[in-house]
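Worksheet for the structure shown next.
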Amino acid sequence: MKPGLHIVQGPPASGKTRLALEWALEVLGRRGRVFWVGLPHQRAYVYRLLSEEGAFLGLEFLSFQALYYRVLAEAGWLKPLLPGAGRVALVGEALRRAGEGPVAPGEARLFARAIAELKRHGISPFALPKEGEAGRLRRVYRLYERLKAGSLDYDDFRHRALKAPLRLFPWPDLVVVDGFREVGPLDLRFLRRLSERVLVLLTLEVLPEGCAPHRVLEARPVARRVFRLANPVEEARYLLRALKRALAPKALGGEGLAPEDVLVVAPPERIGGLMLLKDEYGLPLEDGRERALAETEEGERVLALLNPFPTGRDLLALGFSALGRKALRLGLAGEEALRALAEREGLEAEWEAFLRLRTPGPDPEAWAEAALEALGVEAKEVFLSRFRMALRVDRGEPLAWWRSLLLDEVLPPEVGRGVAVLPPLRATGVRARRAYVLEWVAGRYTLGEREDYFLLEDLREQGLLKGLPRRLRGLDPLFLEELSTRGEEVVLLYPEAGPGGPVEPLAAGERPEALPPASRLEALPQAPFRPAHPTSPASPPHAEALRHFSECPFRAYLERYPLRDGEESPWRALPSPVDLGALEGLFADGRVGPWLRAHGAHLQGLRLYVLWPGRRYRLRLDGVRWEGRAVHLYRLLGEGAEPDLSPKRRWTEWLALKALLQREDVEAVHLWAWAWLGRPRPVGKGVYRKGDALPALKEVEPLLEKALRSWGAFPPRPGPHCHACGLADLCRKDGEEE
């Protein structure tokens, strides 16, 4: 076929994707090249549909954003990208410069969404009225564009792609745009421009104004069943039993469906509960929700540090276990309550260490980097970049902004091989052989149409704003039709009543037949269910975590942050590296001054708590000092503490000793144990040179390799080491104080 834009219109499940697939396969069959443009979450679904037709070459899945990026890259028009969190931060700075006073992240997010909508429809700030809230938006919009100079946000890519020379190489023979309910005016203009050179197939549910469809498809029948359950708990249990039967082999009385043949649509707040129950039922459920950066394992620790009202859970996440457990039992939150608890329980030192960790210093960026290192965050740059954005908005109080920007940063879900459990918006554009939809009740699934805060419906029909679509368009029925057709066979479930009383179903259903037990708890109610031991794909944070792992994996799991002893050590009073000339205050101290003078040769130039990254794990060295080709390693201890460098109690220094002696620039390593206000004491031979025997490593290395091989699963392993564990026997009880 000749180049041109062909629009196919049809309701949900009318065969639009299958028609587009036929066009693509025809082009691929004659060794052509196809660009398939869709929503990012459709990628795996489209490739699976194509793979069912056999092997193929020449098709590339792109989002609209990736296609625009490709056009600008070929034209040489690229500039640095401003991500979504960066847009919110820049709008916050624009609000501050506009004289709006203190700016809250939520207010900046409101303006950022409005600006994004205007840019998406090609509306400049000069089209906005000058009065009222729309006038505020106009001023902030103009300032935002001025501050953004030199970088591109996501909508700038769309604008520039309309003007950039089209130099795609190699040129595709067909561009398929599928999976969208509708497209905006700028996207449509770009597709019209592209269709002058390439055949473009666009499938839509809502036809743009002034467009004539090339073909109109009719709705196809979908087998639907509606079941009513007594309450949400029974609804969830029925769903899990039905999934177990659907996936079980036919030889065992199941239906033999593959995990990719089934999908579940559920409200986002219900998905977490299903994930908690998947181990009990032995189901391969995959969480299809997008996660914020703050919801990752590392992000949760950073969020615990930034919580304006810290809780016992936050203290536990950061390693302050004694105070954290007491606060958690009492249900306390907030700095004032936690400070009073620490004073009452004699835990002031732990509370002060927590405050030091979360209080920015005179150099905020250096503080943020040190805090991330203390929390064991490996991908520090992504967190630091958001902190720099927060500093740009509010240098005096950046923590609230940092927290908000981390919550704004969305990560795509990992592609799994199980049954996808999707929130409603991520279920659009994908289908399966069978779909289950939870809570099919009025008001649960909606697009949330409501008037805009800045531009009401009547303003959207005046002057230069006519390009903006109305907010109240009544698209909810189409959305519901889309959700109820996500499978060739659809099972709609709803509870008769919830916590708030009876609910109104969208369609009347019948009571389903009873299904056989699908979990051990249901089949053997007298036998308690024990959840699986925790697992984590994160790499070991440091060597001492591996040592704890060899003793008790569960303790290593709970101590995934780096060593805390340095955080609360009196050695923290010294700068790193130590400069005796800058310690006038300490020299005046009656106890510390004489000690500093006596050991100045050891202290001068000493670097404290050095993080040494490695390929499989990291070492955190208490103290390191270089003298030419000799290195002095120090294990720094509290006042009056005895050395703990036996292979059963400490690995770090022995592993560092071996690594240093393998370096060409090191001839000798001096190993010391040094208690605060004491004298440094040599350990072992004291001085180790190349070729010297290291008997401690013969004991350490086998345990280290075994721990590295087993790292990832963390069952508790009780033993004598429990007496030295600071986690209050968390793995075996959650009751009274010890």
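Relative to the longest principal Cα axis of the chain, at what angle does helix 364-374 sit, 0 to 90 degrees, rounded to 10?
In the chain, helix 364-374 runs at an angle near 80 degrees to the longest axis.
Leaving out same-chain residues fewer than 8 places away, which lysines sit with a Cα under 23 Å from that of Lys2?
Once the sequence-local lysines are set aside, what remains near Lys2 is Lys16.
Work out how much length Ala497 to Ala400 would gain on full extension: take 0.36 nm times their residue separation and subtract the Cα-Cα distance, in nm to one decimal.
Stretched out fully, the Ala497 to Ala400 stretch lengthens by 31.0 nm.
So, with a 1.4 angstrom probe, what is the percent of accessible area on region 417-498 that is carbon and sulfur?
About 51 percent, which is the carbon plus sulfur part of the accessible surface.
Looking at region 630-726, which trypsin sites (Lys or Arg not before Pro) are in a loop (DSSP not H, G, I, E or B) and have at most 16 other Cβ atoms within 10 Å?
For trypsin sites (Lys or Arg not before Pro) across region 630-726 that sit outside H, G, I, E and B with at most 16 neighbouring Cβ atoms in 10 Å, the list reads Lys648, Arg649, Arg663, Lys690.
Lysines near Lys685 by alpha-carbon distance under 21 Å, same-chain residues fewer than 8 away left out - which ones?
Lys648, Lys658, Lys698
For region 600-670 and region 446-521, what is the separation of their Cα centres, given in Å?
Their Cα centres are 61 Å away from one another.
In whole Å, how far is the Cα centre of region 21-69 from that of region 112-130?
The distance from the Cα centre of region 21-69 to that of region 112-130 comes to 33 Å.
Are there trypsin sites (Lys or Arg not before Pro) in region 206-269 that DSSP puts in a loop and that have at most 11 other Cβ atoms within 10 Å, and which ones?
For trypsin sites (Lys or Arg not before Pro) across region 206-269 that sit outside H, G, I, E and B with at most 11 neighbouring Cβ atoms in 10 Å, the list is empty.
Could the peptides 510-516, 27-33 be put in order, highest first, of the mean number of other beta-carbon atoms found within 10 Å of their residues?
Highest to lowest by the protection proxy: 27-33, 510-516.
Give me the net charge of Pro165's neighbourhood, meaning all other residues with Cβ under 15 Å from the Cβ of Pro165; Lys, Arg count +1, Asp, Glu -1.
+4
What is the Cα centroid distance between region 687-708 and region 153-188, reported in whole angstrom?
So the separation of the two Cα centres works out to 59 Å.
For Thr17, tell me the accessible area in Å² from a 1.4 Å probe, rounded to the nearest 10.
30 Å²
Kindly express, to the nearest 10 degrees and within the range 0 to 90, the angle between helix 232-247's C-alpha long axis and the longest C-alpha principal axis of the chain.
80 degrees
Enter the accessible area per residue of the chain (Å², integer; probe 1.4 Å; all protein chains in place).
48 Å²
Of all alpha-carbon pairs in the chain, indicate the percentage at a distance above 41 angstrom.
Here the long-distance tail beyond 41 Å is 47 percent of all Cα pairs in the chain.
Under the rule of at least 5 residues apart or a separate chain, name every residue whose amide H is placed under 5 Å from the amide H of Phe61.
Trp36
Provide the net charge surrounding Arg471, with neighbours chosen by a C-beta distance below 13 Å and charges set as Lys +1, Arg +1, Asp -1, Glu -1.
Summing Lys/Arg as +1 and Asp/Glu as -1 gives -3.
Give me, ordered by chain and number, the residues 5 or more places off Leu229 or on other chains with an amide H under 5 Å from its own placed amide H.
Tyr494, Glu496
If each residue of separation counts as 0.36 nm, what is the full-extension length gain between Leu521 and Leu276 once their alpha-carbon separation is subtracted?
In short, 86.8 nm is gained.
Leaving out same-chain residues fewer than 8 places away, which lysines sit with a Cα under 19 Å from that of Lys326?
Excluding near neighbours in sequence, the set is Lys733.
Considering the options Leu657, Leu57, Pro105, tell which one lies farthest towards the positive end of the dipole of the chain, charges being +1 on Lys and Arg and -1 on Asp and Glu at the Cβ, about the Cα centre.
So the residue we want is Leu57.
For n ≥ 4 DSSP H runs only, could you compute -39500 (n - 2.57) per run for the chain, divide by its residues and tell me the 222 nm figure to the nearest 500?
Helices in the chain give a 222 nm mean residue ellipticity of -11500 deg cm²/dmol.
When you count, for each residue, the other Cβ atoms within 10 Å and take the mean per peptide, how do 461-473, 119-131, 545-557 rank with the highest first?
545-557, 119-131, 461-473
Which pairs, out of Lys244/Lys278; Lys119/Lys466; Lys380/Lys706; Lys278/Lys380, put more than 21 Å between their alpha-carbon atoms?
With Cα atoms farther than 21 Å apart: Lys380/Lys706; Lys278/Lys380.
Apply the Karplus curve 6.51 cos²θ - 1.76 cosθ + 1.60, θ = phi - 60°, to the phi angles in region 389-394 and return the couplings in whole Hz, x for Gly and Pro.
4, 5, 5, 5, 7, 8
For helix 105-120, what angle does its Cα long axis make with the longest principal axis of the chain, in degrees from 0 to 90 and rounded to 10?
Taking Cα atoms only, the helix is inclined about 40 degrees.
Roughly speaking, what is the stretch gain from Ala532 to Leu207, that is 0.36 nm per residue apart minus the C-alpha to C-alpha distance, in nm to one decimal?
Taking 0.36 nm per residue and subtracting the Cα distance, the gain is 112.0 nm.
Between Trp595 and Asp261, what is the label-point separation in nm under the 7 Å Cα-to-beta-carbon projection?
Output for this residue pair reads 7.2 nm.
Modelling each spin label as a point 7 Å along the Cα-to-Cβ direction, I'd like the Lys79/Arg220 distance in nm, to one decimal.
With each label point 7 Å from Cα toward Cβ, the separation is 4.6 nm.
Counting other C-beta atoms within 10 Å, and keeping those with at most 16, which DSSP coil GluC sites (Glu not before Pro) do you find in region 286-336?
Glu290
The values are calculated or read from the model by the stated rules, or taken from the named source; none is laboratory data. Bear in mind that the values here come from a model prediction, so they are computed numbers and not experimental data. All Cβ positions, glycine included, derive from the backbone under ideal geometry; neighbour counts span all protein chains shown. SASA here: full protein model, heavy atoms, side chains in, ligands and nucleic acids out. Shrake-Rupley method; radii C 1.70, N 1.55, O 1.52, S 1.80 Å.
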